[in-house]
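Each remark here refers to the structure printed beneath this line.
Laboratory data are not the source of any read-out in this text; all were calculated from the coordinates shown. Since we're looking at a predicted model, the values are computed, not measured. Here the Cβ positions follow ideal geometry from the backbone for every residue, glycine too, while neighbour counts run over all protein chains shown.
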Amino acid sequence: MATQAEEFGLYIGGKWVVPTGAKRFETTNPANGETVGSFVSGTAKDATDAIAAAHVAFRPWKETPAPKRGEILLEVAHRMRHAKSALGRIVTREMGKVIGEGLGDVQESIDFVEYMAGEGRRLFGETVPSELRSKFCLTVRQPKGVVACITPWNFPTAIPNWKIAAALITGNTVVFKPASGTARCAAEVVKVYEEAGLPDGVLNLVTGPGGVVGNALIDDPRVRSVSFTGGVSTGREVYVRGAQGLKMVHLELGGKNPVILMEDADLPLALDGVLFGAFGTSGQRCTATSRLIIHERVYDEFLALLTDRLDRFPVGDPLDPKTAMGPVASLDQEKKILDYIEVGQKEATLRYGGHKLTGGAYDRGHFLEPTIFETTHGTRISKEEIFGPVLSVLRVASYEEAVRVANDVDYGLSSAIYTRDVNRAFRAIEDLEAGITYVNAPTIGAEVQLPFGGIKSTGNGGREAGSVAVDEFTEIKTVFVDFSSKLQKAQIDSETVE
Ligand code: UN1
């Protein structure tokens, strides 16, 4: 298609700039190959310029009262709400998730920015009694400084906003480096912050390769904290690199999220949940249901229901509201997922799908069939993150076996159990090794007012979203105010010689 792509620059110090001699890259619609935008392939120098702008903007932004910072975030949320349908369409065009989910991505952004705006009137510290008289002890939160937000393509507005809004309300300034595949979404997000009146330099955007821009951000001593969401191998590199500068590195990585289906489950309810969890966003969520662990008593019945529904599960144009599943996000994704399907064909039994869709409009995009493998625990497809519409189904004989299988993977992000037995549900909440457990709901669909994150290889202990989101972006300062007008010594017995 010979359409002229809309061109975007970098956003540095409150200006959209195109550095001289800049190279460009384009993003394309994974449903039909149309160009969605053209972007600057940033260099290490561009990253450094952005850090310098963020560094200059830091002090005045830190000194702006947090409720005032919150007012700007409220304006961002308001503007996003206004632009929701346009932004949602851009998400769908650039990333390929169906329009309902494209709009949901933007709604998640609005929800979180609004939530963080309110945080500007909280940012709680603690007051704690002193062991001495006439002494007052408290903590306050202070921003870290310049922070780097490095984000993936699967939630191209929501995840950037999770990071940016939390970083900004706490008084940090940001250099934002989005996934290249969804650079248009990133630019549109930044435009909203610009139009809402964010001061120059407080938020900066540098598009370009992670190995260049990302590394320059992580290596610069002025960047005090790095927030990264993406794959586990890149996450590990980011962590190691950040460790050289003794930086706080926040990681949100992969998942291999199980749904446990017990023999007493409400099967029609579970059916809707599993379809949404496994094939929503074409399985490209860290929280996607990628393992279905079924009690043997309902195994055959449930699989029959599932495959029957998949016969009526329209895959196609993601802008068409009747479509259940759109394309996968890119050719790279398509290849990676098809490779896993090949692995699955060798080590497991293909029960449904397994092919690239071809013919007609399918030929212009990256469309795959929703795919189900019946497998045993220990196969690669039952343990490795595929990040696509591929569900591994495992048969178990008991709750104990289900939990053992569920927990025996490297990841620990989301998990779910379908059961009508309240005792078993609560037992599962205790037993499942994951940052998130759902009861009678699928593994996806976290809400922004609660913490989000996982254990084991899913991360390094932090959580995003919820009120704890501010922990990632603040330093705690402990304050002792002694109003006794004499030297008081903590820990020293008063009888000892002064
Ligand atoms: C992700 O896939 O990285 O819980 C985030 C969910 C969404 C967020 C997913 N609210 O599925």
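Please report the net charge: other residues with Cβ closer than 15 Å to the Cβ of residue 440, K and R +1, D and E -1. It would help to have the intermediate numbers written out before the result.
Numbers: positive: 420, 424, 427; negative: 263, 264, 266, 272, 421.
Net local charge, residue 440 excluded: -2.
How would 224, 427 line up from fewest to most surrounding beta-carbon atoms within 10 angstrom?
Working: 224 20, 427 15.
Going from least to most buried by this count: 427, 224.
Testing the spin-label approximation: label points 7 Å from Cα along Cα→Cβ at residue 200 and residue 63. State their distance in nm.
1.8
Quick one: compute a quarter of the convex hull surface over the Cα atoms of the chain and quote it in nm². Intermediate results must be reported in sequence, preceding the final value.
Details: hull surface 109.2 nm².
Hull-based average projected area comes out at 27.3 nm².
Each label point is 7 Å from the Cα along the Cα-to-Cβ direction; what then is the distance between the points at residue 246 and residue 404, in nm?
In this crude spin-label approximation the distance works out to 4.6 nm.
Restricting to Cα pairs below 8 Å that are 6+ residues apart, what does the relative contact order work out to for region 405-454? Please round to a whole percent. Working shown, then result.
Details: 61 pairs, mean separation 22.0, N = 50.
Answer for region 405-454 is 44 percent.
With the cut-off at 29 Å, tell me which of the pairs 62/97; 68/177; 256/346; 335/383 have Cα atoms farther apart than that. Show your work: numbers first, answer last.
On the way: 62/97 37 Å; 68/177 26 Å; 256/346 20 Å; 335/383 19 Å.
Beyond 29 Å between Cα atoms: 62/97.
Compute the relative contact order of region 257-439 as a whole-number percentage, counting only Cα pairs closer than 8 Å that sit 6 or more residues apart in sequence. Can you show the working numbers first?
Values: 336 pairs, mean separation 53.1, N = 183.
Answer for region 257-439 is 29 percent.
Quote to one decimal, in nm, the extra length available between residue 25 and residue 86 on full extension: 0.36 nm per residue of separation minus the C-alpha distance between them. List each step's numbers first, then the result.
Working: separation 61, 0.36 × 61 = 21.96 nm, distance 2.28 nm.
Taking residue 25 through residue 86 to full extension adds about 19.7 nm, to one decimal.
Extending each Cα 7 Å along its Cβ direction at residue 350 and residue 267, get the distance between those two points in nm, one decimal.
If labels sit at residue 350 and residue 267, their model points lie 2.7 nm apart.
Work out the FRET efficiency for residue 15 and residue 219 from their Cβ-Cβ distance, taking R0 = 30 Å, and round it to the nearest 0.05. Don't skip to the end; give the middle numbers.
Working: r = 25 Å, r/R0 = 0.82.
With a Förster radius of 30 Å, E is 0.75.
So how do 459-471, 125-137 stack up, highest first, on mean other-Cβ count within 10 Å?
On the way: 459-471: 19.3, 125-137: 11.9.
Packing proxy ranking, top to bottom: 459-471, 125-137.
Suppose a student asked you for the relative contact order of the chain, using Cα pairs under 8 Å spaced at least 6 residues apart; what percent would you report?
Values: 1149 pairs, mean separation 89.1, N = 498.
Averaging sequence separation for qualifying contacts and normalising by length gives 18 percent for the chain.
Aspartates and glutamates near residue 247 by alpha-carbon distance under 15 Å, same-chain residues fewer than 8 away left out - which ones?
In chain and number order, the partners are 219, 220, 237, 471, 472, 475.
Can you work out the FRET efficiency for the pair residue 128 and residue 433, with r the C-beta to C-beta distance and R0 = 22 Å, to the nearest 0.05?
Values: r = 33 Å, r/R0 = 1.51.
For R0 = 22 Å, the calculated efficiency reads 0.10.
In whole Hz, with x marking every Gly and Pro, tabulate ³J(HN,Hα) for region 462-479 from phi via Karplus 6.51 cos²θ - 1.76 cosθ + 1.60, θ = phi - 60°.
Going residue by residue, I get x, 9, 9, 6, x, 5, 6, 4, 6, 4, 4, 10, 10, 9, 8, 9, 9, 10 Hz, with x marking Gly and Pro.
Given charges of +1 on the Cβ of Lys and Arg and -1 on the Cβ of Asp and Glu, with all other atoms neutral, how large is the dipole of region 257-439 about its Cα centre, in debye to the nearest 20?
300
How much length is gained on full extension from residue 44 to residue 380, taking 0.36 nm per residue of separation minus their Cα-Cα distance? Intermediate values should be presented prior to the final figure.
Working: separation 336, 0.36 × 336 = 120.96 nm, distance 3.75 nm.
Gain in length upon complete extension: 117.2 nm.
How far, in degrees from 0 to 90, does helix 183-195 lean away from the longest principal axis of the Cα atoms of the chain, to the nearest 10?
40
Give the shape of region 9-159 as rounded, prolate or oblate, defined through the alpha-carbon gyration tensor: a ≥ b ≥ c are the square roots of its eigenvalues, a/c under 1.5 means rounded, and otherwise the shape is prolate if a/b is larger than b/c and oblate if not. Could you put the intermediate results ahead of the total?
Working: a/c = 2.87, a/b = 1.64, b/c = 1.75.
Note, shape of region 9-159 comes out oblate.
Tell me, in nm to one decimal, what length is gained between residue 423 and residue 78 on full extension, where the rule is 0.36 nm per residue of separation less the Cα-Cα distance? List each step's numbers first, then the result.
Numbers: separation 345, 0.36 × 345 = 124.20 nm, distance 4.31 nm.
Gain on extension, residue 423 to residue 78, equals 119.9 nm.
Could you sort the peptides 181-192, 252-263 by per-residue average Cβ neighbour count (10 Å cutoff), highest mean leading? Mind showing how you got there, number by number?
Numbers: 181-192: 24.9, 252-263: 26.6.
Those peptides, ordered most packed to least, come out 252-263, 181-192.
Taking the number of other C-beta atoms within 10 Å as the exposure measure, put 80, 325 in order starting with the fewest.
Working: 80 24, 325 27.
Least to most surrounded, the residues fall as 80, 325.
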